[in-house]
Amino acid sequence: MINVIYILVQIMVIILVAPLVNGIINKVKAFTQKRKGAPLLQMYFDLYKLLKKNAVVSEVSSWIFKATPYIVFSTALAVALLVPVTTLIVPTGFPGDIIMLVYVLALGRFFMTLAGLDTGSTFGGMGSSREVMISALLEPSLLVAVFTVGLVSKSTSVYKMMEAMKNADVPLAQPVLIMVFFAILIIIIAETSRIPVDDPATHLELTMVHEAMILEYSGRHLALMELGAAIKQLVFITLLVNVFIPLDQYIGMTGISAVIISLLVYLVKVILVSILIAVAEVSTVKFRLFSVPNLAAFSFILSFLGFLQYSVFGR
Amino acid sequence: MGIFSAITLFQASLVLYLVAALAALVFIKRHKLSNIVSNGLCILASLFGLISSLMHILSGEEKIVLGTFKSAIPYVTLNITIDKLSAFFVLILSILVLSVSVYSIGYVSHYYGKRNVGLLNFLYSTFILSMIFVMTAGNTVFFFIVWEAMSLISYFLVVFESEKEENQRAGTLYIIMTHVGTAFLLIAFMIMFSYTKSFDMFGSSAMIPIFAKNIMFILFLIGFGTKAGVIPLHIWLPYAHPAASSNISALMSGIMIKTAIYGMIRFMLVYLNIQQTWWGILILVIGATSAVLGVAYALMEHNIKRLLAFHSIENIGIILIGLGVSFIAFAQKNEPLGALALTASLFHSFNHTLFKGGLFLGAGSIQYSTHTMDIEELGGLIKKMPITALLMLSFSLAISAIVPFNGFVSEWLTYQSLFINIQPNQAGVNIASILAVAALGLAGALAVACFVKLFGISFLGTPRSNHASQAKEVPSTMNIGMGILAMFCLAAGLFPMIFIKVIDNVVMSMGTQSIMGNLQGGFLIAYYPLSVSGNSISPIGILTLIISVIFGLLVIIRIIGGKYVERKYGTWDCGFETLNSRMQYSATGFSKPLRIVLRILYRPGREIKLEEGVSPYFPNSIRYKVSTEPIFEKYLYVPILNITQKFSQKVKFSVQTGNVHTYLLYIFLAVLALMLYNRLA
Amino acid sequence: MKDYLDVLSMLILFSSLVLMANKRITSCIKTFRLQSALIAVAAGIMGFKSLYEEGTFDILVVCLIIIALKVIYIPSLLNKASANVEYKVEKNFFLNIPILILVCCALVVFSYFSISTLEGINGGQINVQVVNSVAIVLIGMFFMISRKRAIGQVVGFLVIENGLFVTAMFSTHGMPFIVDMGVFIDLITAVLIMGLMVFRINEKFESIDINKLNNLRG
């Protein structure tokens, strides 16, 4: 029964914190542009409003259009349960493997790109074709980075990675970890559709990728897609902070106070990384679509060099 | 031995295939009866084959020698020996033949009255029979004979619709390439005979010196690689597989390629007993290259069958990656890793047969109802052929290695074997392994792109031509055939341990230990992880999670948002009144970003022809043509052909002089040379 | 402390990769400045360590010289030179940027393979710092080859010099003073001359495109 309680706690934490990350990023962007910006909790209000609205569905589309929001949301949430958030106790009974994480997210992406093509509109097709290009270019880098961290911790399960990193004295002290950290940071920016890869606040066809695929959605479907994307973003951020900077030593202990303290530390880390992402977004412009291969190649070489440093040079 | 032992069932299945072939010929005038009888007998035969091979794998015996027929010609004996590896491949073949035969009952009906259905079914049954013999041949002479027979019969099947010129060219290219490969095999067999003085495949190779083993390895690699379609020997595959009719293409791409993999494992691993690491590294590199290039070329195609044929090259690449890692492990005497990698490779062969066969059958269904194979003319089929669409969606998910289907499990096992392969102090192998990981990831992501294109543009949206708008659902036997394969895909994805246990018996029989110690997993239905040295996945656990989350969502959203009200309206059209089907994304447009990014591979050419109208901004018509260069043909094969032709021109004039005296001189010199050889040898 | 030096050598390699991926002159010069700052930090760490252990000043002096010259003076010189040139972004490349980055990857692997058999590299285990530094030299040379305009060549030459300095510093943890001063004086002369040439070229002719040197053929 403890497992079920942990699962529910983790689900609650993830669903409640995910829109907060978006709120923080928007607020930081607004401050740097000398605006007040929307309230921090704006996304919660948006989601609530969307859930109550009716849905307008195109007559050209099929069951795939209506099934996709549910699939996207549930794959993102299923993946969130494979990543350690507050404690190292594995809620699902099998320690989640990071390769499985990548491929479960691929299920969500497959259906999202199909839904873009389903409505027979040009915007959707355009978003789908750009999205598959960007994700295809970043996948080798993600896998090499993940393998490198797995090699350092001798396992491909995220929980074991976190445990292995916890035993090192200074976080990020090895060259391999710095390289892989930056590689994964670039991948996060691309996967969560942030500037410089994709602008999350635009509706011009020149610049849309993710927005184009969800253009036709409305009502509760739109709420699920947006929340699913926010949860995916939070999962990647959690992966980054909990594996690379496991500063809290209370993880692994049971007991209510340990869980609460580790939750607070986790929240602080997530807020810091969100501010970092927002600063990165503000300080650059969106790249041309065909400059994304440059970024992908750069990320690949970072992870490959990280691998070289560790396995070939022994450091 | 009782009447239901493995041997009798296997013999019964062989006899039934033969009867099916003859029945097709007997009823050659009555198309419908011939079709149903011969396919029905094939179904029965494949069921027997399935049961017998499964019984043999799970039993304790090593191998069954079915029969040895000596003939008057010395050294030519027909020897059928079934050991566990052969039984495994016969098992894969039987499952595929079962589904394809059920499918063919419905599919071949569109040939009634137009073509010789009896001949088609005769060739079909004998093709299956020849493949079974290839997998169970016991000595190399018999192997060679049935290998040639298999190539010949498949050539006839490829040029079955021989009035189309492209089919003829496809057939010619196929037969030439496969004979080139077979020539290399012949040389390897000759070397084997000259050292061991016997043609027995199951003998020992201890007498062959190391350098001869290396040469034989290269010869086997080229010979079997031509049949399997590895880069750069692949040029026949994209022409031959689309030319054949869809049920034959499913067999060719599903099983005929696997006979090459069987040959590689049988000859290189079991017979030659690997000792060198560079064999494994070479196969790893070839596999990684084939995986990336195969799917990259598949992306650019918009003929469904050519796309699927190129994609087979990618999956062969993945199988070779697993095989390469196992070769490296066996050369380093690391048996558990070798067994794991071999299991991954065999499991991926099994999975590939299932989903690639299913995809070709689906392409056949599309062709049956819309009479076109061009993606650019399809669209909106999901509303007209819903069951076919659902089955194609599940095969597309399986081939893109997405949870919870079977492609994911075998790719995961390949990743794990690459992971374990990276050990300190072997820099070359480590770098090759990590590059293989990157290649595998890239190939997987490009495969997602490819199949989103295939499924999305063919089935979703609005129809782009008249063919597509008049499509109807296909006869139910075709759907049942595909359904059998889809069920196996789902089962292998959710409960992989059952299948891996079968494969484990096969791998154990090749002299290595069982990997079951490393590979734990429960047999409960509820929660069923598959773990390799501590890293575990549970596809059924994830599926349960996803489904329960969806249920929870439906409940919660109903509570917060009230009842679901939906309003149907047109697609967002920016204020234009009518969106027509030409405004949707086309297949060429969908793959354009990747075509530009990977332009080194494709060297795309672009032609735009404008016919101006009233003003330059309002043309009357625009023709846009984009083409990719066939790099391997242009830069590798055409120069070789040119050199060969020039050389043979020169030789022709000096050797064949037309003068009788020269020819008599040749005969005289040959007799002198033979007598000299007799004296010296 | 060895860990920190490893990390620093990795960051210096990282900065040379960032240099490779850049298309604008001003970012190239800023990245060069960052690289020199990192080298100064590494030299400073080694200098303080040698100060505490042996009481020698030379590495600290070298560190200060690096800061004065390469972090402050030379980049400002290059900035002035580039302000008068009519282009700011390199538009045409021989090979596009992803391929350049993959070639840098191969260069690092190559530098590992060629050094791994040398004797005496800090005891059995391969010394990461030396391999990284040699890779920086190779990347600097490749940078010079891949840029079509003259200022790219100058920056490439400076990166080669950085790389040589870092190799010497990491492999011996100390440096003969005279040799280093000699190299520095060489460097200033070269940069001054090149800067003047760039100015003059720009005044007398229309462009500093090196391809046009092909007109001198024959």
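Some values worked out for this structure:
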item	result
From the options A:Ser274, A:Ser291, A:Ser262, A:Ser257, residue that is more than 14 Å from chain C (Cβ to nearest Cβ), without any contact (Cβ under 8 Å) to a residue 12 or more places away in the chain and either within 29 Å of A:Tyr48 (Cα to Cα) or in a helix (DSSP H, G or I) (or both)	A:Ser257
Whichever residue in segment A:5-26 is touching a residue at least 24 places away in the same chain (Cβ under 8 Å) and over 17 Å from the mean Cα position of the chain (by Cα) and, among such residues, is farthest from A:Gly228 (Cα to Cα)	A:Tyr6
Cβ pairs under 7 Å, 6+ apart, first in segment B:618-644 and closer than 23 Å to B:Leu594 by Cβ, second surrounded by 11 or more Cβ atoms within 10 Å (Cβ to Cβ) and among the β-branched types (Val, Ile, Thr)	B:Val626/B:Thr588; B:Phe632/B:Ile235; B:Glu633/B:Ile235
Of all residues in segment B:172-211 being in a helix (DSSP H, G or I) and among the small types (Gly, Ala, Ser), the one that is surrounded by the fewest Cβ atoms within 10 Å (Cβ to Cβ)	B:Ser194
Residue within segment C:72-79 that is more than 17 Å from C:Tyr4 (Cα to Cα) and not in a helix (DSSP H, G or I) present	no
Residues located in segment B:142-163, provided they are farther than 17 Å from B:Thr259 by Cα and in contact (Cβ under 8 Å) with a residue 12 or more places away in the chain	B:Phe156, B:Leu157, B:Val158, B:Val159, B:Phe160, B:Glu161
Residue within segment B:283-293 that is under 26 Å from B:Gly428 (Cβ atoms), touching a residue at least 12 places away in the same chain (Cβ under 8 Å) and in contact with a Lys or Arg (Cβ under 9 Å, 6 or more places away or on another chain) present	no
Check on B:Ser627, modelled with pLDDT of 85 or more and of a type outside the set (Lys, Arg)	no
When residues of segment A:303-313 are limited to those that are more than 7 Å from every other protein chain (Cβ to nearest Cβ) and at pLDDT below 90, the one surrounded by the fewest Cβ atoms within 10 Å (Cβ to Cβ)	A:Tyr310
When residues of segment B:446-462 are limited to those that are more than 15 Å from A:Met133 (Cα to Cα) and either in a helix (DSSP H, G or I) or more than 8 Å from chain A (Cβ to nearest Cβ) (or both), the one nearest to the chain's Cα centre (by Cα)	B:Leu454
Lone unmet requirement of (1) within 11 Å of another protein chain (Cβ to nearest Cβ); (2) under 19 Å from C:Met10 (Cβ atoms); (3) crowded, with 23+ Cβ neighbours inside 10 Å for A:Val149	(1)
So A:Thr192, is it surrounded by fewer than 24 Cβ atoms within 10 Å (Cβ to Cβ), of a type in the set (S, T, N, Q) and under 18 Å from the mean Cα position of the chain (by Cα)	yes
Members of segment B:100-114 found to be among the aromatic types (Phe, Trp, Tyr) and in a helix (DSSP H, G or I), listed by number	B:Tyr103, B:Tyr107, B:Tyr111
Test: residue in segment A:228-242 that is at pLDDT below 90 and either touching a Pro at 6+ places or on another chain (Cβ under 8 Å) or of a type in the set (Ser, Thr, Tyr) (or both)	yes
Unmet requirement for B:Gly364, which otherwise passes all of (1) of a type outside the set (Lys, Arg); (2) in a helix (DSSP H, G or I); (3) within 12 Å of chain A (Cβ to nearest Cβ)	(3)
Single unsatisfied condition, C:Ser82 versus (1) under 17 Å from the mean Cα position of the chain (by Cα); (2) more than 14 Å from chain A (Cβ to nearest Cβ); (3) at pLDDT 75 or above	(1)
Any hit, segment B:76-85, residues being assigned to a helix (DSSP H, G or I), acidic (Asp, Glu) and not assigned by TED's automatic domain parsing to the domain that holds B:Phe360	no
B:Lys650, sole failed condition from (1) under 44 Å from the mean Cα position of the chain (by Cα); (2) charged (D, E, K, R); (3) at negative phi; (4) surrounded by 11 or more Cβ atoms within 10 Å (Cβ to Cβ)	(4)
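This table checks each residue for (1) of a type in the set (Gly, Ala, Ser); (2) under 24 Å from B:Gly541 (Cβ atoms); (3) out of contact with any Leu (no Cβ under 7 Å at 6 or more places or on another chain).
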site	(1), (2), (3)
A:Ile5	no, yes, yes
A:Gln10	no, yes, no
A:Ile14	no, yes, no
A:Asn26	no, no, yes
A:Lys34	no, no, yes
A:Gly37	yes, no, yes
A:Gln42	no, no, yes
A:Leu47	no, no, no
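The values are calculated or read from the model by the stated rules, or taken from the named source; none is laboratory data. For clarity, every value in this text was computed on a predicted model and none was experimentally measured. For neighbour counting, all protein chains shown are included, and Cβ atoms are generated from backbone atoms with ideal geometry for every residue, glycine included.
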